[in-house]
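Novice: Below: one structure in structure tokens.
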Amino acid sequence: MKHRALGSLRLLALSGVLVTACSDSLTQADVLSPAAPVDITTISADAAINDAARISFAPTSADSVRAQYTSADGTDQGVTPWFPAGRGQITALGLLAATTYAILLETRYAGNTVNGAATNFSTPPLPQALATVSLALISGTPPSSGYTLASLAAPNHHGYLLAFDSVGRIRWYRDFGQIDVQEAKQQTNGDFTVFVGNSIGDNAAAGAFVELTPQGDSVRAISAIGSPYTDGHELQVQSDANGRRIADFLFGYDIRTVDESAYGGGAADQVAGHQILRIGTTGAVDTVMQGWNYWTHTDKIDPPTSDPSIDHPNSIDFDLDGGLIVSFRNLGAIIKLDMATHAVVWQLGGARNQFTFVNDPMNGFGGQHSVRVLPNGHLLVFDNGVTHTPQTSRAVEYALDLSAKTATMVWQYMPSPALFNEFTGSVQRLSNGNTVVAWTNAGLFDEVAPDGTLVNRMQLDNAPGSPNMSAYRAIRINNLYSYAQP
């Protein structure tokens, strides 16, 4: 006699007769009958993100369900992730605008799947302001997969968060109305965050980061608690291994009347100074650094009249030991902060530089953005190059020797012909070893191989031949539904 368990049901083969012994409501007919297909009851365009389909169905006790979709011409097809079958609704993301799809539900029962009937659904067209916006391939081969995420101002002066596919078509977007948008990323919990507002880090203007689900629903707003203004340059959400939020790291700032006559300014100028904030899940604020207590205008690399901010921080990242790596554009400096003591552990670049640059023909960086810590501990920097002669921008990677206080350049990328990206811009190291470099002042995004070979160049256009130069950064993401290392 052989016994086989199926949930809490045991099937016993005795003398050729099937007998059941069970502790739940399942019957022999339930086990032996075919898996029942689940059909779509309604499909509608998503209220928050129109290039998606919100699919409703009768909740079922099946294990899970997902949607399969195929465009009418067969050129676009895909599947959603599996979702719990009892929820009665799922959203198919990443559909092309103004396209008719046949959509069906695939239902899974204990490893077996069955398809329901297909229903046709046509996505709405893009809004007129986005109808000609694209990410056009102008050199190389398209990225093999994934999406490019960027926030930008469209010709109608609305701020949008968009995801472009590997051939430059809009696959996901959210319209925030006639307001500026800035730093955006996909956090490790799969949600998107984007700064919405007119605050640029040195002006008396409101703004906050907004967290959105992939379905476009707003989850929360994140602002610089304890500081009058929220800086839109960076939000890092620190999470545990399960994606649960531990704390938000961002910049706040206040504006004070300062005598800048000794630095070429006025006797009563309005000057911004920044705070680095850690905000816990309860709202408790830890001011990791108060810039007014540390920096002065003697630390600036630019004259005070060019930017009414002492420091102008623009990126935060986590070092391998948990310390904070922070970039200050107006200081030409990258610092490491000890989270426990709030002490500056070291400074690379700027007036208080502690390192010797090795093998670097530029002997350092100037006005940098988007400093990232790589898995090997190296620093990857978008060097705007405002202090170089001639002014030119690049992506550059340094290996730090903290004992010898050396910063050795181990990699750089400078396009030919050279580009000068005076402000904004970003760098991102992909898991395949390539690097994405965003020349945002020109609307150009390069993917570069480790040997410096240009893999592809994409141009962000408002219309063919009309570059959009409003993006703050551009990053690759792997998936619209959940986070995965790009």
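Each reported figure results from applying straightforward, stated rules to the coordinates on display, with no laboratory input. Here the structure is a predicted model, which is why all the values come from computation and not from measurement. We place every Cβ from the backbone using ideal geometry, glycine too, and count neighbours over all the protein chains shown.
Novice: Where the centroid of each part is defined by its Cα atoms, how far is the stretch 215-250 from the stretch 303-376 in Å?
Specialist: After rounding, the separation between the Cα centres reads 21 Å.
Novice: Put +1 on the Cβ of every Lys and Arg and -1 on every Asp and Glu Cβ in the chain; which of Leu135, Val38, Thr435 then has its Cα farthest towards the positive end of the dipole?
Specialist: So the residue furthest toward the plus end is Val38.
Novice: Tell me, what ³J(HN,Hα) does each residue in the stretch 324-341 have, in order and in whole Hz, if you take phi through Karplus 6.51 cos²θ - 1.76 cosθ + 1.60 with θ = phi - 60° and put x for Gly and Pro?
Specialist: Once rounded to whole Hz, the list reads 9, 10, 10, 9, 10, 4, 6, 9, x, 10, 10, 10, 10, 10, 7, 5, 6, 9.
Novice: Right, another one. Between beta-carbons, use under 9 Å as the cut-off and find the net charge around Val194, counting Lys and Arg +1, Asp and Glu -1. All intermediate terms of the calculation are to be shown ahead of the outcome.
Specialist: Values: positive: Arg174, Lys185; negative: Glu183, Glu211.
Around Val194, the charge tally is 0.
Novice: With a/c under 1.5 counting as rounded, go ahead and sort the stretch 40-122 into rounded, prolate or oblate using the C-alpha gyration tensor (a ≥ b ≥ c being the square roots of the eigenvalues; past the cut-off, prolate if a/b is larger than b/c, else oblate). Let's see the in-between values first.
Specialist: Values: a/c = 2.11, a/b = 1.52, b/c = 1.39.
The shape class here is prolate.
Novice: Could you give the dipole magnitude of the chain about its Cα centre, charging the beta-carbon of Lys and Arg +1 and that of Asp and Glu -1, in debye to the nearest 20? Please report the intermediate quantities before stating the final value.
Specialist: Values: 27 positive and 43 negative charges, 270 e Å.
The dipole magnitude comes to about 1300 debye.
Novice: Okay, moving on. Any idea what the relative contact order of the stretch 40-122 is, in percent, if you count C-alpha pairs under 8 Å spaced at least 6 apart? Working shown, then result.
Specialist: Details: 185 pairs, mean separation 25.9, N = 83.
Across the stretch 40-122, relative contact order equals 31 percent.
Novice: Okay, moving on. Taking neighbour Cβ counts within 10 Å as the exposure measure, how do Met289, Met458 sort from fewest upward? Write down the numbers at each step before the final one.
Specialist: On the way: Met289 22, Met458 27.
Exposure proxy ranking, most exposed first: Met289, Met458.
Novice: I would also like to ask the following. In vacuo Debye scattering of the stretch 195-255, one point per C-alpha: log10 I(q)/I(0) at q = 0.13, 0.30 Å⁻¹?
Specialist: For the stretch 195-255, the Cα-only Debye profile gives -0.36, -1.26.
Novice: Any idea what log10 I(q)/I(0) is at q = 0.12, 0.13, 0.20 Å⁻¹ for the stretch 224-310, Debye with uniform C-alpha scatterers and no solvent?
Specialist: Debye output, listed in q order: -0.44, -0.50, -0.90.
Novice: Per q in 0.15 1/Å, what log10 I(q)/I(0) does a Debye calculation on the alpha-carbon atoms of the stretch 379-486 return?
Specialist: -0.68
Novice: Just to be sure I understand, if you calculate log10 I(q)/I(0) by the Debye sum over Cα atoms at q = 0.06, 0.07, 0.08 Å⁻¹ for this structure, which of (i) -0.34, -0.45, -0.56; (ii) -0.26, -0.36, -0.47; (iii) -0.30, -0.41, -0.53 do you get?
Specialist: Among (i) -0.34, -0.45, -0.56; (ii) -0.26, -0.36, -0.47; (iii) -0.30, -0.41, -0.53, the one derived from this structure is (i).
Novice: Thr440's amide H: which non-local residues (gap 5+, or another chain) put their own amide H closer than 5 Å, with H modeled 1.01 Å from N in plane and none for Pro or chain starts?
Specialist: Under 5 Å from the amide H of Thr440 lie the amide H atoms of Gly425, Ser426, each far enough along the sequence or on another chain.
Novice: Hey, fewest Cβ within 10 Å first, where do Asp240, Asp311, Asp446 land in order?
Specialist: Values: Asp240 9, Asp311 29, Asp446 22.
With the sparsest Cβ surroundings first, the list reads Asp240, Asp446, Asp311.
Novice: Can I ask one more? Counting DSSP beta bridges in the chain, what percent are antiparallel, to the nearest 5? List each step's numbers first, then the result.
Specialist: On the way: 143 of 147 bridges.
Once the DSSP bridges in the chain are tallied, antiparallel ones form about 95 percent.
Novice: Where does the chain land at 222 nm, in deg cm²/dmol rounded to the nearest 500, when only DSSP H runs of n ≥ 4 count, each adding -39500 (n - 2.57), divided by all residues?
Specialist: Values: 1 runs with 5 residues, N = 486.
When only DSSP H runs of four or more count, the value is 0 deg cm²/dmol.
Novice: Hey, another quick one. Identify, among His369, Asn456, His388, the residue whose Cα sits farthest towards the positive end of the charge dipole of the chain, taking +1 on the Cβ of Lys and Arg and -1 on the Cβ of Asp and Glu, with the dipole about the Cα centre.
Specialist: Toward the positive end, the furthest listed residue is Asn456.
Novice: Per residue of the stretch 443-449, what does 6.51 cos²θ - 1.76 cosθ + 1.60 with θ = phi - 60° give for ³J(HN,Hα)? Whole Hz please, x for Gly and Pro, Karplus curve as stated.
Specialist: For the stretch 443-449, the Karplus curve yields x, 10, 10, 9, 10, 10, 6 Hz.
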